[in-house]
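What follows is a single structure, written as C-alpha cells, with notes after it.
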Amino acid sequence: MRWIEPGAFTTVFRTHEGNIPEVNHQIYSDKETLTHFARFAKVYAAWKPYRIELVKEASETGLPSSGTRSYTIRTIPRCSPWSTSLWLAPS
C-alpha cells in the first residue's frame, strides 16, 4: 500500500498486477487496500489542475513534471538519504 501514496502525486496514477496476478496482492484483494486506493485516487483527482500545469511546463521547458526530492534533505531533518532514491524516516 505504501506505493499508492506517492503514486497519487505522479502524472499517471495506476496499479500493476505483477507478473503473477493471482499470487500478488491487488488493490481489490481486500477492503482495506481498496479503501486506501480509493482515498488516494481522490487525492490524484484533486490536484488535476496543478498536474495539467506541470505537464504543460514540462512540455515547454523540458523539465520533469515531477520534481526531485533532493532539496528536502534540509527541510526534513528527521529524514536521511539512504541512497539517491530511498529515504528513511522514523515510523
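Just so it is clear, none of the values below were taken in a lab; they were calculated from the coordinates. None of these values were measured; they are calculated from a predicted model. Note that we place each Cβ from the backbone using ideal geometry, even for glycine, and neighbour counts take in every protein chain shown.
Can you pull out the residues in region 40-53 that are under 14 Å from ALA8 (Cβ atoms) and part of a helix (DSSP H, G or I)?
The answer is PHE40, ALA41, LYS42, VAL43, TYR44, ALA45, ALA46, LYS48, TYR50, ARG51.
Any residue in region 11-31 that is within 30 Å of ALA58 (Cα to Cα) sitting within a Cβ distance under 8 Å of a residue that is of a type in the set (A, V, I, L, M) and outside any loop (DSSP other than H, G, I, E, B)? List the pairs, counting only those 6 or more apart or interchain.
Within 8 Å, the pairs are THR11/LEU54; THR11/VAL55; PHE13/ALA41.
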